[in-house]
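Here's the structure we're looking at; comments come further down.
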Amino acid sequence: MTDPQPAWWQRAVCYQIYPRSFQDSDGDGIGDLQGIIERLDYLNDGSERSLGIDAIWLNPVYPSPQYDFGYDIMDHQAIDPQYGTMEDFERLLYEAHQRGIRILMDMVPSVTSHLHPWFVESRASRRSPKRDWYIWRDAPRPGKRPNNWQGVFGGPAWTWDVKTQQYYYHNSLPEQPDLNWRNPEVAQAILGAMEFWLRKGVDGFRIDVLNYVYKDERLRSNPHCCGRRPYEMQRHVYDKDRPEAVDAGIRMRQLVDRYPGGMLVAEVYVNDPREAARYYGEHGEGANLVFNFSFMNAPFSAPRLRHEVDRWEQAIGARGWPCYFLSNHDNSRHASRFAAGRATTARARVAAALLLTLRGTPFLYMGEEIGMLDGIVGRHERLDPVGVHYWPFHPGRDVARTPMQWSAAPYAGFSSTRPWLPVHPAFATVNVAAQEADAGSLLRWYRRLIWLRKGSAALSFGGYQALDGVPGGVFAYLRVAGEERVLVALNFAARRRCFGLPGRGSGRCLLGWPERAGDAVDLGHIELEPYGVLIVAL
Ligand code: NOJ
């Protein structure tokens, strides 16, 4: 199905920036807003010598004590001095808009920092006017917690407050108390913060864990199930995914809709795509986009990835527009995940072709375009609470957050001083400058894919139809908009694969690996090299 007038975010290629690790401009080892401004031309200078991205999702830059690296917000309407000033932010917005790049802020509606004035006031006394802004409960009996809920980062989800003799609830760290969305003032306050940024001119928001905003009204204990970690030993039916969370998304959407072009992309980290798709709203009145997390858990396998695409297409149906990503700041990078020590760049190239030719808005995670691998972060360098808590069983999330590799200069050109997390040792070869100079590099491949997509109605917003009867290891599909028909054939196998589309004559290769652009392709006999890619105009 083709929408004749797609919204900007349907056509967009988005890019996630983890600001702490993108570019340090003031030599403190931490990335900042000025650093991002200096790199905007790399993202899009209007020419095919740049990446050509249309929007940036900026991880949180609000004042924060950084227990959870910005997801513990102290003030939703200011900028953390580590990253710059409000003037810097306004300049970033202006400079980005000058280049046709939109800015999506990260909004965290479900928790705040324990140092947020709202929580400080809430915790001050049981009679505080903000007491009910958070989730406080008595101990059912001395030393007993209100229910069995666990924190997602480890440990119980309830912390005892000695002064006021009650427990407060926190799904993440004790330093991140959960807001009580059942109090209408809370919803108003979060929507008010969103409006503050919309008035400034931001183009929308990535909504952090939208499915966590409401908890069961009666705070019932979760049923038990099998799992490795205590958090996984429960079915999370009462502490998240409550039906009211969809309504919260609808209210946010109503707000952004009042600002022309405003959009919402929701993080809903669940395994079942039907569950995630609910956040589009029954008739598309919810989030404009919902991230599909299924690629995160899928191996580098044509049938598995096709299965995930088909499930997502089916779950969304006509009510929404798909959204895909391969990596983000919370998970192992896909170059590492998919390669498993083999054919790293070749596999990353196929994965990029998939991400950038599917029907749905792609989000790139900074550095994937040069094939950045998971960082190597020693035990004593770990900073992420997940990695610290679960040592040695979980690598933690620092590995996905190491500094962007710009060049072979000291500290990869990210900073003039030792960065907050170690630079990946491969930076001398895996970096932007080296790949800009190499016509066969992954970076140049990403650029070609992105500009091809931008110039093609079929690839950017056309329909999707998977092809059956292709050989094992191949994922092939058609993208169609009006008269324009494009065949995408991806070989996930390390061997050559051949197949045919009899009776279709020949097509013209738009982009191929190995290089074949411009060649005529006999559709009756399509040959794919190991990890080969063919994108063909029919
Ligand atoms: C989701 C964010 O992506 C993650 O980085 C954060 O730690 C959790 N929300 C909890 O705040």
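The values are calculated or read from the model by the stated rules, or taken from the named source; none is laboratory data. Computed from a prediction, not measured in an experiment: that's the story for all the values here. In this analysis, Cβ positions are derived from the backbone assuming ideal geometry, glycine residues included, and neighbour counts consider all displayed protein chains. To get the accessible areas, we keep the full protein, side chains included, count just its heavy atoms, and leave off ligands, DNA and RNA. Shrake-Rupley method; radii C 1.70, N 1.55, O 1.52, S 1.80 Å.
For segment 65-76: of the residues being surrounded by fewer than 23 Cβ atoms within 10 Å (Cβ to Cβ) and among the hydrophobic types (A, V, I, L, M, F, W, C), which is nearest to the ligand (Cβ to nearest atom)? This residue is 69.
Of the listed requirements (1) modelled with pLDDT of 95 or more; (2) in contact with a Pro (Cβ under 8 Å, 6 or more places away or on another chain), residue 131 misses just one: (2). Restricting segment 411-423 to residues that are open to solvent by 20 Å² or more (accessible area, probe 1.4 Å) and not in a helix (DSSP H, G or I), the residue that is nearest to residue 31 (Cα to Cα) is 420. Tell me which residues, restricted to segment 513-526, are closer than 16 Å to residue 485 by Cα and not in a loop (DSSP other than H, G, I, E, B). Answer for segment 513-526, where residues must be closer than 16 Å to residue 485 by Cα and not in a loop (DSSP other than H, G, I, E, B): 520, 521, 522. Restricting segment 84-107 to residues that are within 16 Å of the ligand (Cβ to nearest atom) and closer than 19 Å to residue 21 by Cβ, the residue that is surrounded by the fewest Cβ atoms within 10 Å (Cβ to Cβ) is 106. Within this structure, residue 79 fails the test of being more than 18 Å from the chain's Cα centre (by Cα), β-branched (Val, Ile, Thr), part of a loop (DSSP other than H, G, I, E, B) and within 16 Å of the ligand (Cβ to nearest atom).
Selection within segment 284-310: residues that are assigned to a helix (DSSP H, G or I) and among the hydrophobic types (A, V, I, L, M, F, W, C). The member of this set that is farthest from the ligand (Cβ to nearest atom) is 302. If you filter segment 255-283 down to residues that are open to solvent by less than 20 Å² (accessible area, probe 1.4 Å) and outside any helix (DSSP H, G or I), you find that the one that is nearest to the ligand (Cβ to nearest atom) is 267. Evaluating residue 340 against the criteria (1) within 16 Å of the ligand (Cβ to nearest atom); (2) free of Cβ contacts under 8 Å to residues at least 60 places away in the same chain leaves one unmet condition, (1).
Among the helices (runs of 4 or more DSSP H) lying completely within segment 1-75, list those that include at least 2 residues that are within 19 Å of the chain's Cα centre (by Cα).
On the way: elements: 8-11, 33-38, 40-43.
Here the list reads 8-11.
Considering the conditions (1) of a type outside the set (Phe, Trp, Tyr); (2) within 16 Å of the ligand (Cβ to nearest atom); (3) open to solvent by 40 Å² or more (accessible area, probe 1.4 Å), residue 326 is excluded by exactly one of them, (3). Could you check segment 391-410 and list, in sequence order, the residues that are crowded, with 16+ Cβ neighbours inside 10 Å and either in contact (Cβ under 8 Å) with a residue 24 or more places away in the chain or of a type in the set (Lys, Arg) (or both)? Within segment 391-410, 395, 397, 399, 400, 401, 402, 403, 404, 405, 406, 407 meet the criteria. Screening 170, 116 for residues that are over 17 Å from residue 209 (Cα atoms) and within 16 Å of the ligand (Cβ to nearest atom) leaves exactly one candidate, 116.
Is at least one residue of segment 510-522 at pLDDT 95 or above and among the basic types (Lys, Arg)? Spell out how you get there, then give the answer.
Just the residues of segment 510-522 that are at pLDDT 95 or above, to begin with: 510-514, 520-522.
Retained after the next criterion (residues that are among the basic types (Lys, Arg)): none.
No; the residues of segment 510-522 include none that is at pLDDT 95 or above and among the basic types (Lys, Arg).
The residues of segment 94-108 that are part of a helix (DSSP H, G or I) and under 20 Å from the mean Cα position of the chain (by Cα) amount to a single one, 96. Considering (1) more than 16 Å from the ligand (Cβ to nearest atom); (2) at pLDDT below 95; (3) within 27 Å of residue 392 (Cα to Cα), the lone condition that residue 234 does not fulfil carries the number (2). Taking residue 73 as the residue in question, decide whether it is β-branched (Val, Ile, Thr) and out of contact with any Cys (no Cβ under 9 Å at 6 or more places or on another chain). Answer is yes for this residue.
List every residue pair whose Cβ atoms sit under 7 Å apart, with the two residues 6 or more apart in sequence or on different chains, where the first one lies in segment 55-66 and is over 12 Å from residue 15 (Cβ atoms) and in contact (Cβ under 8 Å) with a residue 60 or more places away in the chain and the second, anywhere, is more than 13 Å from the ligand (Cβ to nearest atom) and in a loop (DSSP other than H, G, I, E, B). From residues that are over 12 Å from residue 15 (Cβ atoms) and in contact (Cβ under 8 Å) with a residue 60 or more places away in the chain, the pairs are 65/74; 65/115.
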